[in-house]
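A.B. asks: Provided herewith is a single structure, encoded as C-alpha cells, for subsequent inquiry.
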Amino acid sequence: MKRSKKYTCRMAAYCMAAGLALGSGVFFALPPMEAAASPEFAYPPEKWAALRDNVMEYGELADLVHEYNVTVINNRLEYDEYRGKSHDDLKNAYQDLADTMYQASDDLLDSVNEDDPGYGSAAAQAALSRVQAEQNQDLADAQNEDGAIKKLEYERDEAQLVQQAQTKMISYWQKEEARPSLEAAYALAQAQYEAAAVRAGAGMLSQAELLAAQEKAESAKGALRTNEKEQDSLRRELCVMTGWAHDASPDIQPVPIPGEEELNAVCPEEDTNRAVQMNFVQRANEGRLKYTSTAGNQREVMEKKVAAGAGKIKADVAAKYQLLCQARENYEQAAREYKLAESQAEAAELRQGLGMISANQYEEQRAGLVQKQAAARQAGLSLRQALEDYRWTVNGLAQAE
C-alpha cells in the first residue's frame, strides 16, 4: 500500500525515539503507526485522510497528539496494565513485589557462608534487594490509587501535550507574522546605512554617525535571523509532538483568530463550576482520599488538598478570564491602530507622488504600516493563546494544588 509522506516521516520519528530509548538503557515498546493509532472505524475515511496528509492544521492538533505522539502511545500501552484494576489489586501487586524481594534477599544470604570468598558481594546484593523490598513495602502501605485514578493521570498528560502543541503552533505563527515587519525594518535600516555611507563619503556625515547607522542595520539583520531560527525550532518541536520526523516540512496552516461569536460564548459563572468538576488533579485527589489510611498524617494532608483544591481552581479560572479580557482589549486596540496606519500610508503615498516627501520618508511610513499590521496579527494570536489557556483551565488543567 502506498504511504503518504506523513507516514514515512512518522515511522522515522518512531524509530528515532526507539533508538534514543535503547541508547539510554530504557526500553519501551514503540509499535508501528498503524498498530498504535485508533482502529480504522474510529474516524470517517476523510478524517483519516486529513490526519495522514502532509498538512498540519490547528484544529487537528488534539487528534494528531492522540494518534501519533510517542508519549501518549506509550501511556496508552502502560495504562493497559492498570485498566480495570482496583485499589486492592494495585496494593497487592506492590505487596507481592515486596515479598518477592524480601525472599530474594533471604535466599541470597542463605546460599553462601560468611567464610566463602563471594560472601561480601552476596551480602551487598542482598542488602540492595532488601532496600528495594522496603521501598515496595512503603508503596504498598501508602497505595491510594486504582485504575480510574491512573486513567485520569494519563488523560491529564495528553491534555497538557495538546495544550503545549497549540502554544507552539501559535508561537510559530507569531514568528511568521513578525517576519514581514522585521524584513521591512532591516530593509529600511540597510537603506539608511547606504544613504549614510554616501553622505559620509561626501564629508557630510561623521564616522561615528556612519557606524551608528551600520550597527542599526546589523542589529535589524540579527533580529530577523533570530526570528527565523526560533521559528524553525518551533517547527521541529511541533513535528515531533504530532508524529512527523523532526526534520520534516509539513504545511503548517495559519492559526485562526477568535471571532466575536467564539469570544462571546465564554461564560465565567458556568465555566467555573465546570472547571471544578473537570479538573484532573482534583478528581484524582478525591479518589485518593477514599483509599488513604486514617493512620498517620497522610489522611489529613489529602483532606486539606481536596478542601483547598476547589478554591484554587476557581481563582485560576478568574485569573485566566481577566487575562482573556485584557488580550481582547489589546487586540481591538491593535486593530484600530492598524486601520489608522493604513489611512496614513495612503496619505503618504499621495504626498510622495506629489514630491512632498522623500523616498526615505515614504519607506518609513510603509515600514510603520507593516509593523502595525504585524502587531495586529500578533495581538490576534495572543488573543487565541489567552482563549485556549482559559479553555484548558475550564477543561481540567486549572491549578488545583
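A.B. asks: I'd like the full set of residues that are in a helix (DSSP H, G or I), open to solvent by less than 30 Å² (accessible area, probe 1.4 Å) and not β-branched (Val, Ile, Thr), limited to segment 277-290. Talk me through it step by step, then tell me what you get.
C.D. replies: Of the residues in segment 277-290, the ones in a helix (DSSP H, G or I) are 277-278, 280-290.
Subsequent filtering for residues that are open to solvent by less than 30 Å² (accessible area, probe 1.4 Å) retains 280-282, 284-285, 287.
Residues satisfying the conditions are PHE280, GLN282, ALA284, ASN285, GLY287.
A.B. asks: In the list ARG225, ARG274, ARG235, which residue meets the criterion of being open to solvent by 80 Å² or more (accessible area, probe 1.4 Å), part of a helix (DSSP H, G or I) and either closer than 24 Å to LEU161 by Cβ or touching a strand residue (DSSP E or B) at 6+ places or on another chain (Cβ under 8 Å) (or both)?
C.D. replies: Details: ARG225 fails: either closer than 24 Å to LEU161 by Cβ or touching a strand residue (DSSP E or B) at 6+ places or on another chain (Cβ under 8 Å) (or both); ARG235 fails: open to solvent by 80 Å² or more (accessible area, probe 1.4 Å).
Every option except ARG274 fails the conditions.
A.B. asks: To continue, here is another question. So if I check each of ALA310, ALA315, ALA341, which one is in a helix (DSSP H, G or I), aliphatic (A, V, I, L, M) and touching a Leu at 6+ places or on another chain (Cβ under 8 Å)?
C.D. replies: Details: ALA310 fails: touching a Leu at 6+ places or on another chain (Cβ under 8 Å); ALA315 fails: touching a Leu at 6+ places or on another chain (Cβ under 8 Å).
From the options ALA310, ALA315, ALA341, the qualifying one is ALA341.
A.B. asks: Among the residues that make up segment 334-357, is at least one of them touching a His at 6+ places or on another chain (Cβ under 6 Å), more than 21 Å from ALA159 (Cα to Cα) and open to solvent by less than 70 Å² (accessible area, probe 1.4 Å)? Break it down stepwise before answering.
C.D. replies: To start, the set of residues in segment 334-357 that are touching a His at 6+ places or on another chain (Cβ under 6 Å) comprises none.
Checked against the condition, which is being touching a His at 6+ places or on another chain (Cβ under 6 Å), more than 21 Å from ALA159 (Cα to Cα) and open to solvent by less than 70 Å² (accessible area, probe 1.4 Å), segment 334-357 yields no hits at all.
A.B. asks: Residues to consider are GLN174, GLN103, GLN160, GLN132; find the one that is in a helix (DSSP H, G or I) and without any contact (Cβ under 8 Å) to a residue 24 or more places away in the chain. Talk me through it step by step, then tell me what you get.
C.D. replies: Details: GLN174 fails: without any contact (Cβ under 8 Å) to a residue 24 or more places away in the chain; GLN160 fails: without any contact (Cβ under 8 Å) to a residue 24 or more places away in the chain; GLN132 fails: without any contact (Cβ under 8 Å) to a residue 24 or more places away in the chain.
So the residue among GLN174, GLN103, GLN160, GLN132 that is in a helix (DSSP H, G or I) and without any contact (Cβ under 8 Å) to a residue 24 or more places away in the chain is GLN103.
A.B. asks: Right, next: Give me a count of the residues in segment 256-271 that are open to solvent by less than 70 Å² (accessible area, probe 1.4 Å) and either farther than 20 Å from GLU329 by Cβ or touching a Ser or Thr at 6+ places or on another chain (Cβ under 9 Å) (or both). Steps first, please.
C.D. replies: Of all residues in segment 256-271, those open to solvent by less than 70 Å² (accessible area, probe 1.4 Å) come to 256-259, 262-263, 266-268, 271.
Still in the list and also either farther than 20 Å from GLU329 by Cβ or touching a Ser or Thr at 6+ places or on another chain (Cβ under 9 Å) (or both): 271.
The total comes to 1.
The values are calculated or read from the model by the stated rules, or taken from the named source; none is laboratory data. The shown structure was predicted, so the numbers you read here are calculated from the model rather than taken from an experiment. Neighbour counts are summed over all protein chains in view; Cβ atoms, including those assigned to glycine, are modelled from backbone coordinates with ideal geometry. Ligands, DNA and RNA are stripped out before the accessible areas are found, and what is left, the full protein with its side chains, is counted by its heavy atoms. Shrake-Rupley method; radii C 1.70, N 1.55, O 1.52, S 1.80 Å.
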